[in-house]
Amino acid sequence: MLVYMSEEWLRLGTSSKGELLLYHFVDTHCHIDLYDDPKKIIEQACQQGIEVIAVTNAPSVYAYTRGLCRGYANLKPAIGLHPLLVTERFRELRGCKSDFVQSAFVGEIGLDYSNATRSQKYDQRVALDLILSWCSNGTQKVLSLHSKRAVGDVLAALSPNVPKDVKIILHWFTGTTKELSKAVGMGAFFSVNEQMLRTKSGRTMAMSIPQGNLLTETDGPFVERNNKPISPVDVPRLTREIAGIWGVSIEEAAYRIHGNFQQCNVVQ
Ligand SMILES: [Zn+2]
């Protein structure tokens, strides 16, 4: 099995307390299967020692993504159904229960009310509740959740259903301060991307998220820079920005974020 071939992923630094650090970077939400050349993206992520949760938007592409990730210990394939695709692809959930039950990583799932009709919202909630019931089977899991304009309902769906061995990552979180506190109280993590940091509200959110609950993501290839999709190798740049917000070195920020990710790093 190919693990970390390059030594670049192991970098030494020094923490604010003078401890020697060993750190690397994490992309907890990337759509690897949607790049023009996914294999190239994977190879680059491996060479840079970046751990990636390879989320998917529909169960029908999970097998392909799992195949792409096979043999790479730093790539974690996740089975998902994007809320914006629920109405069209709900039928894909049929026959997929065992994949959801067995996969250690699940996403992208959630709710998106930004442009949804009442019946689409209903469909999304039915799908989310069904998937969450499959994820509550006593095994360790990590869920990457979308909650655009629907944070209250996502948290409501999670509250009664999610056991302690399921780690929640709220991706591109845009909730209120009250919703942030509620989610933190539930032990949720929050994955921040560089597009968020380009807006004032996104930077404020990144500053408000407790440092022990923050993770990094690209949401590539959807997030672009200069009209080009970003990819996992852009995480060090993002980590540097977060380090600036925290007022620490990039080594320190990477070390802390990786420590947060280790709490989500379940055995597959
Ligand atoms: Zn996404």
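Just wondering, is there one or more residues in the range 66-88 that are without any contact (Cβ under 8 Å) to a residue 40 or more places away in the chain and small (Gly, Ala, Ser)? Yes: one or more hits.
Those residues that are part of a helix (DSSP H, G or I) and either of a type in the set (A, V, I, L, M, F, W, C) or surrounded by 17 or more Cβ atoms within 10 Å (Cβ to Cβ) (or both), I need them from the range 76-91; list them, please.
First, pick out the residues of the range 76-91 that are part of a helix (DSSP H, G or I): 83-91.
Within the range 76-91, Pro83, Leu84, Leu85, Val86, Phe90 meet the criteria.
What are the residues in the range 93-112 that are among the charged types (D, E, K, R) and buried (at least 17 other Cβ atoms within 10 Å of the Cβ), if any? Hits for the range 93-112 are Glu108, Asp112.
Within the range 168-182, residues that are without any contact (Cβ under 8 Å) to a residue 40 or more places away in the chain and over 11 Å from Glu217 (Cβ atoms) reach partners that are within 16 Å of the ligand (Cβ to nearest atom) and of a type in the set (D, E, K, R) with beta carbons closer than 9 Å, at six or more positions or on different chains, in the pairs Thr174/Lys148; Thr174/Arg149. The strands (runs of 3 or more DSSP E) found entirely in the range 1-75 that carry 2 or more residues being modelled with pLDDT under 90 are 11-14, 20-23. Screening Leu132 on (1) of a type outside the set (Phe, Trp, Tyr); (2) away from the ligand (no atom under 16 Å from the Cβ); (3) surrounded by 20 or more Cβ atoms within 10 Å (Cβ to Cβ); (4) assigned to a loop (DSSP other than H, G, I, E, B) shows it passes everything except condition (4). Of all residues in the range 92-114, exactly one satisfies the criterion of being part of a loop (DSSP other than H, G, I, E, B), polar (S, T, N, Q) and more than 16 Å from the ligand (Cβ to nearest atom), namely Ser103.
Take the conditions assigned to a helix (DSSP H, G or I), within 16 Å of the ligand (Cβ to nearest atom) and farther than 17 Å from His29 by Cβ and apply them to Gln120. Does it pass?
Details: assigned to a helix (DSSP H, G or I): yes; within 16 Å of the ligand (Cβ to nearest atom): no; farther than 17 Å from His29 by Cβ: yes.
So Gln120 fails the test.
Pull up the range 147-201, narrow it to residues that are among the charged types (D, E, K, R) and within 16 Å of the ligand (Cβ to nearest atom), then point me to the one that is surrounded by the most Cβ atoms within 10 Å (Cβ to Cβ). Don't jump to the end; show me each part of the working.
Of all residues in the range 147-201, those among the charged types (D, E, K, R) come to 148-149, 153, 164-165, 167, 178-179, 182, 194, 198, 200.
Narrowing further to those that are within 16 Å of the ligand (Cβ to nearest atom): 148-149, 194.
Numbers: Lys148: 20, Arg149: 14, Glu194: 22.
The residue in question is Glu194.
Cβ separations smaller than 8 Å between residues 6+ apart or across chains give the following pairs from the range 97-119 residues that are farther than 14 Å from Val86 by Cβ to residues that are among the aromatic types (Phe, Trp, Tyr) and within 16 Å of the ligand (Cβ to nearest atom): Asp99/Tyr62; Ser103/Tyr62.
The values are calculated or read from the model by the stated rules, or taken from the named source; none is laboratory data. Please read these numbers as outputs of a predicted model, since none were measured by experiment. Don't worry about glycine lacking a Cβ; one is built from the backbone with ideal geometry, like all the others, and counts go over all protein chains shown.
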